[in-house]
Amino acid sequence: MSIPPATSTSVAPVNRPALPTSPDQRDADGQVEAKFTIQRTIKYEGDRVVGFGREVMAVPGCEQLEWCIQCGTCSGVCPLSIYMDYTPRQVMALTRADFKHEVLRSHTIWLCASCYACTVECPQGIRVTDIMYELKQRAIQEHVFPRRFPIPVLAHEFNAMVLRNGRISEVMLVMKLFLKTSWIAALANWRLGIDLLRTGRLSFATERIRQRGDIARMLAAIDQPKGAA
Amino acid sequence: MVSSSTDVRVGFYVCHCGHNIGSIVDCPAVAHYVESLPNVVVSRDYKYMCSDPGQELIQKDIAEFRLNRIVVASCSPLLHERTFRAAVSAAGLNPYFFQMVNIREHVSWVHTDATAATDKARALARAAVLRVAAHCALEVKRVPVHPDVLVVGAGIAGIHAALTLANAGRKVFLVEREPTIGGHMAKFDKTFPTLDCAACILTPKMSEVGTHPNITLWTCGEVVKLDGYVGNFTATIRRRPRYVNEDLCTGCQECIARCVFKEAKFPDAFNERLGKRKPIYIPFPQATPQVVLIDPEVCLNFKRGTTTVSGRCKRTCVDACGERHAIDFTQTETTGEIKVGTIIVATGFQTFDVKRVPQYGYGTFPNVYTALEVERLVNASGPTAGEVVLRDGHRPQAIGIIHCVGSRDKKTNRWCSRVCCMYSMKLAHLLKEHTGAEIYNFYIDIRAPGKSYEEFYDKLNEEGVHFIRGRVGEVTDWAMRDEEEGKLVIRVEDTLAGFVRRIPVDMVVLSTGLEPQADAQQVRRLFNMSCGSEGFFLERHPKLAPVNTFTDGIFIAGCCQGPRDIPDTVAQAGAAAAEAMALIDRGYVEQEPNTAYIVPDDCSGCKSCVPLCPYTAITFDEATKKASINEALCKGCGTCVAACPSGSIHQHLFEDEQVFSEIEGLLVHS
Amino acid sequence: MKFAYFPGCSLKGLGRGYEESLLPVLRHLGVEFEELDDWNCCGATAYMAIDESKACVLAARNLALAERAGLREVLAPCAACYLVLNKTKHYFHDYPAMKLRIDRALAAVKLSYAGETPVRHPLDVLLNDVGLDAIKQRVVRPLKGLKVAPYYGCQIVRPYATFDDQENPVAMDLLLEALGATVVRYPLKTKCCGGSLTGTVPRAGTRMVYILLNEARKRGADCLATVCPLCQFNLDAYHAQVESRYGTPVLPTVYFTQLMGLAFGLPEDQLGLRRAAVRLTWRPPDPAATPAVAPAPAVDAAPS
Amino acid sequence: MTSPIASPPAADWEPRIVAFFCNWCTYTAADLAGVSRMKYAANVRVIRLMCSGRVDPQFVFSALANGADGVLIGGCHIGDCHYAEGNYKTLRRFELLKRLLRDLGIEEPRVRLEWISASEGERVKAVVNEMVAQIRALGPLAWPDRLADWDREAAAAPSEAPSTALPVKSAEVAHA
């Protein structure tokens, strides 16, 4: 049995012009019309953000990037590389070569599911997953992700919930996610909700720890010198 | 030995070594500083001290200023000490009135702060200037060189070295662990890039070895012990029994035909276990020596651990041999000693164990092969007579060849194995020729830097072989599409196209890398050599002494030193033979006069030194109650010197006084 | 020795069936444990995406609590918790700057972490501490005839697991065989389930779920066994989406602990089997009874 | 031969380490570090000996007494000695030496024995850098000054045997 080929995700590309339109777009006479948009792909030195690669490589866990030999093992083992605009290998090359804008706007970093296959298989010992985390963090800090793009929103909601309660109530988390990104998606998942209700897994109770203040105190203390918190 | 501290006249020379030293160390400042030290008569800096003008500068100064001590601050003494000693000697001074300071390898190349580096250079120079005052005149000892040579390992490297020496009239002992010589090359079908038949070019050399009057060939043999030193080694060689007398066997192989096993049923190591053989066998038709052997693990005669005829074994081989009486079940392991002057170690490599990369499915999927297996599969004398038939009986329509398996991978072997790109392309060509299949090469980089290698790559492209730049993620058998059902699927990023591909094939070839032999560490210890971090034997200098080791008189050739192809191996084997011959033809070796000696008056007779010496050079005279050292046996390690409680043992070149001066010189504040 | 049981948020939420089956199985085998008092969210992957040191600090609080309680080893059944707790421990040792931050944050709430406590997965403990022999002895209803695809997912084998092979883990295979089940060769055993992508990029996520389910079905499995609450959730709860997009590979996905409970003959209503959208209805034959003539259908698909 | 040895002012103090490297392994490894252009601290100064077995404990004391802040001895790995077993003797001797140094109040990181083979240039770099950092943290040893103190005390109290006075005093200094 065969399955439909992988196609691009529902997430619209950011700041990347649309790909050439499909050959199905023909005019009434059946003539193929040259109706594609063109884009400049050459890169100038001015397009680099010099020092970006070094900055990333200075982060714990990302140091080995300088050894990358561009063999493509990371992409070869990545279960999600089929959806990515840049393959993981290309992300490594772009990062090392200081193409910050390209990397941070790439879908790739958001499609990484943290399965660590690349990290384990890389012949140069590069911790690709950890580099992806670092790039996600930078994209969030610099607000260069699509509006209503669910993953940064999920991360943000997750963050807020842990800060408040110390624990995650998964159902609440998912609800918030859908409300903030697309309520249509929430409707599309109605069957999921029913299943969860039916199997007693849909709980709206909030999980909390007793020492709730601890979390905020700890997080506040991370970057402050002793006693200042 | 008179240490003449009176009227010491030191000449000091600091070398810029072009920019190598001069760019970090302020050489004129060092020279200027040394000028102020006691006993220094001349202090100069010069661009290249090791050059002829540099050496002449020293010689001129010796004559002009009546210098009697020379210090040169330049590179490592391991590199140029000999050069400068010769220059000093040519000027009429004893060569041991010389001291060298290493300010390149130990200073300018490893430090970045010019001030700190110059300070350190000053301290090192000062130490040498103080030390050299305590130097003594010494005589060089000459030891004769035994003219025979031991060659260990009889692959193409050992064979070529042995033949080169034998043809020059030297007696060679050639020791090989396997029952036949030929090594890995004997298993290959063709050789790149010329596509010469490996057997056609190797077997004439093999039979020449077998019949050469100057070569004593010992197969099934291993060196188990080595004593002595350059010019005078004693090697102990152990030989496993073959259960066939080599002198009596004519290689007619009638015994094999008559064995009670009618069918060959035991995995054949020479054919990478793809074929079968009988308990009595000859590894391959051109094996040298042309002598059969018996595998005691499977021969019925040896079952139940006895040499009496077991129920089923009829000893038909003995009957077949008849009058010749070559078969001898009573053979046992033998050991023997030989004396040689020089040794060439050519113990080769092993191929990477593909079980260490389970993601490529070897052992799980029958149609995944190693490259060496494919060499046998395409070989006309191989298990399938050159027909490429897969383990499942099919003929492949599509074949994937994965490069760099166990190479360029920090988790297994991090080095490039150098030959895999080329042999993968050779196998691609041969498989294409044999099967007409679609062939995909998956590579990280194509490395084709030899003569006519790039042209071979072009030829493969012309033949329509696919080259996909990408290291394969995995080989699986789960199908995403109908065309993948029942196939092996290779998942890889086509890095030049920039996307991931899934390519279904019938056969996967793993181009395994080369790695040190499993017992390389034992062999290294046996011959007192060093290994590099990868485990290959370490050459004395990568460029200037590539076949020498740190032990004089022991040379290395072939893949035991690092992965290389056949042309390079043969060239290196020739070089090793020439190095051995140079020693033999000179007839003697000079020994560094760094031996230990005892001042009898100071010896208290405590005997604590006697058991310390690994060379039994120290003896105790019960009559005089004094110990004495046989300088011929002493190797100059100095362990006894440090241990002598009464301080009666001294060491030439490393006298206490010299070392103390050096310590002091290092630490005095300037 | 008592384990500090760290359930993690999932086992109190969507992965309830895991906890419901895990705890009786551990008790049945005499593994002593107590739930870590006042544990908090491990930090998890989503947090890593915002700030690594914050994630590590969250995880470190749990490790510090375990040390304070005098419990020598942490038991983390959720693969994501297992990974984050282990990662924190590695970072604590490998990066002095990270250690400094963790120390500082913990000091603010009067805790400290020495960096010793091992973090272990129940699969590791069951196989290496309890042992297959002890498990075999407890089997009263061998899972004879049940064909299981062992699905390990990513995060218990990568990148920090030390108890099994990263390429081809076999711990669960051995365990299932000890229970009497037939283990099918499942080449996707360590492939990713899609993680949170099922929710965030549904098309990508459900395709991955589909591939996993479909391959298991093609290989004749009656069910998949998992060790992770997120894997189970994805493979189970997204069935409807998979079905509507690709067709119907209806196949139940159970926790390995649920299969252990069945084999041990533990009361069925205590094993959380009813928590699944696609339920495993297969039951081990009673060894005392005569073999059933017509086996019941293995699957009860969710009504839609 | 006496020389004017005095500790320099603490502000520009730099640790000074005397190293005794065997010719066959560690000296060669240091050469390899050079050929490979590895960078390490300039505080170490190497004396080449044929074998680590030649290192007389007196060499170590002489170095410390002349103002070294640390001593590094480098030899072939156990089992790999060019002279078969010289490094075993080194190891045995080093154990005794360590005890003596402890009694004298000399901190353990100051005198170190390392097995570094000819191929381990990286290890030379790592060991030197680590040792320099450790000794920098410990501060100057200033043995020449201490020895001078002891000499003065011994002169003031001639009845007290210097051999017993030495360790006691050194322990005090170490804790000061």
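Remarks
- Taking the 1.4 Å solvent-accessible surface of the stretch C:223-294 as the whole, the part contributed by carbon and sulfur is 54%.
- Per residue accessible area in Å² of the stretch B:1-151, where ligands, DNA and RNA are left out and the probe is 1.4 Å: 39
- In terms of its C-alpha gyration tensor, the stretch B:165-306 has an oblate overall shape, because the principal axis ratio a/c (a ≥ b ≥ c, square roots of the eigenvalues) is not below 1.5 and a/b does not outweigh b/c.
- Seen through its C-alpha gyration tensor, with square-root eigenvalues sorted a ≥ b ≥ c, the stretch B:581-670 comes out oblate because a/c lies at 1.5 or above while a/b is not bigger than b/c.
- When the Cα positions of B:43, B:249, B:204 are compared along the charge dipole of chain B, B:249 comes out farthest toward the positive end, with charges on each C-beta of Lys, Arg, Asp and Glu.
- The dipole here belongs to the stretch B:277-394: it is taken about the Cα centre, uses +1 on the Cβ of Lys and Arg and -1 on the Cβ of Asp and Glu, and is about 320 debye.
- Radius of gyration, Dmax [the protein assembly as shown; alpha carbons; angstrom]: 37.3, 121
- In the stretch C:104-119, burial by the other protein chains removes 20 Å² or more of accessible area from C:104, C:105, C:108, C:109, compared with the chain on its own (1.4 Å probe, ligands and nucleic acids ignored).
- Taking both sides together, the accessible area buried where B meets C is about 800 Å² for a 1.4 Å probe.
- The apolar share of the surface of the stretch B:614-657, taken as the fraction of accessible area on carbon and sulfur atoms (1.4 Å probe, ligands and nucleic acids excluded), comes to 56 percent.
- Efficiency of FRET between residue D:95 and residue C:35 - r from beta-carbon atoms, R0 60 angstrom, step 0.05: 0.75
- Length-normalised contact order for chain B - Cα pairs under 8 Å, 6+ apart - percent: 13
- Bridges between two residues of the protein assembly as shown, per DSSP, are antiparallel at a rate of about 40%.
- Label reach from residue B:657 (point 7 Å along Cα→C-beta): in the stretch B:134-153, amide nitrogens under 14 Å belong to B:134-138.
- Antiparallel bridge percentage (DSSP; both residues within chain B; nearest 5): 50
- What separates the Cα centres of the stretch B:494-520 and the stretch B:224-240 is a distance of 42 Å.
- Average accessible area per residue (Å²) across the stretch B:163-258 - probe 1.4 Å, nucleic acids and ligands excluded: 42
- Accessible area that becomes buried as D packs against B, both chains, 1.4 Å probe, Å², nearest 100: 4600
- Dipole of the protein assembly as shown, positive end: most advanced residue of C:157, B:11, A:161 [Cβ charges, Cα centre]: A:161
- Between A and B, accessible area buried - total, square angstrom, nearest 100, 1.4 angstrom probe: 1800
- Mean separation of Cα contacts under 8 Å, 6 or more apart, over the residue count of the stretch B:150-270: relative contact order %: 23
- Here the label points at residue C:144 and residue B:586, each 7 Å from Cα along the C-beta direction, are separated by 8.3 nm in the simple model.
- Taking 0.36 nm per residue of sequence separation and removing the Cα-Cα distance, the residue B:390/residue B:295 pair yields an extension gain of 31.4 nm.
- Calculated from the alpha-carbon coordinates, chain B shows an Rg and a Dmax of 31.3, 95 Å respectively.
- Our note on the geometry: Cα centres of the stretch D:74-97 and the stretch C:180-217, 57 Å apart.
- Selection of trypsin sites (Lys or Arg not before Pro), the stretch B:607-659, meeting DSSP coil and at most 16 other Cβ within 10 Å: B:607, B:625
- One chain, two ends: residue B:252 and residue B:316. Fully extended at 0.36 nm per residue, the span grows by 21.6 nm beyond their Cα-Cα distance.
- With R₀ fixed at 30 Å, the C-beta to C-beta distance from residue A:38 to residue B:481 puts the FRET efficiency at about 0.35.
- Solvent-accessible area lost in complex, 10 Å² minimum, residues of the stretch D:41-55 relative to chain alone, 1.4 Å: D:42, D:44, D:45, D:46, D:47, D:48, D:49, D:50, D:51, D:53, D:54
- Rounded, prolate or oblate (a/c below 1.5 giving rounded, otherwise prolate when a/b exceeds b/c) for the stretch A:99-164 by Cα gyration tensor: oblate
- Apportionment of accessible area to carbon and sulfur, the stretch C:1-155, percent (1.4 Å): 47
- Set B:410/C:87; C:54/C:87; B:190/B:265; B:120/D:125 screened for pairs whose C-alpha atoms are more than 23 Å apart: B:190/B:265
- Complex-versus-alone comparison for the stretch A:57-83, residues with a loss of 30 Å² or more in accessible area, probe 1.4 Å: A:60, A:69, A:71, A:73, A:76, A:77, A:79, A:80, A:82, A:83
- The stretch C:130-152 versus the stretch B:32-50: alpha-carbon centroid distance in Å: 82
- Inverting the pair-averaged 1/r between distinct Cα atoms of the stretch C:112-246 gives 16.0 Å as its Kirkwood hydrodynamic radius.
- Over the stretch B:136-178, relative contact order from alpha-carbon pairs under 8 Å, at least 6 apart, %: 45
- Semi-axes of the equivalent ellipsoid of the stretch B:1-146 are 24, 18, 14 Å, computed as sqrt(5λ) over the eigenvalues of the C-alpha gyration tensor in descending order.
- On a per residue basis, the stretch C:89-128 carries 43 Å² of accessible surface, using protein heavy atoms and a 1.4 Å probe.
The values are calculated or read from the model by the stated rules, or taken from the named source; none is laboratory data. Everything numeric here is computed off the predicted structure, so don't read it as measured data. In this analysis, Cβ positions are derived from the backbone assuming ideal geometry, glycine residues included, and neighbour counts consider all displayed protein chains. Note: accessible area is taken over every heavy atom of the protein model, side chains too, but ligands, DNA and RNA are not part of it. Shrake-Rupley method; radii C 1.70, N 1.55, O 1.52, S 1.80 Å.
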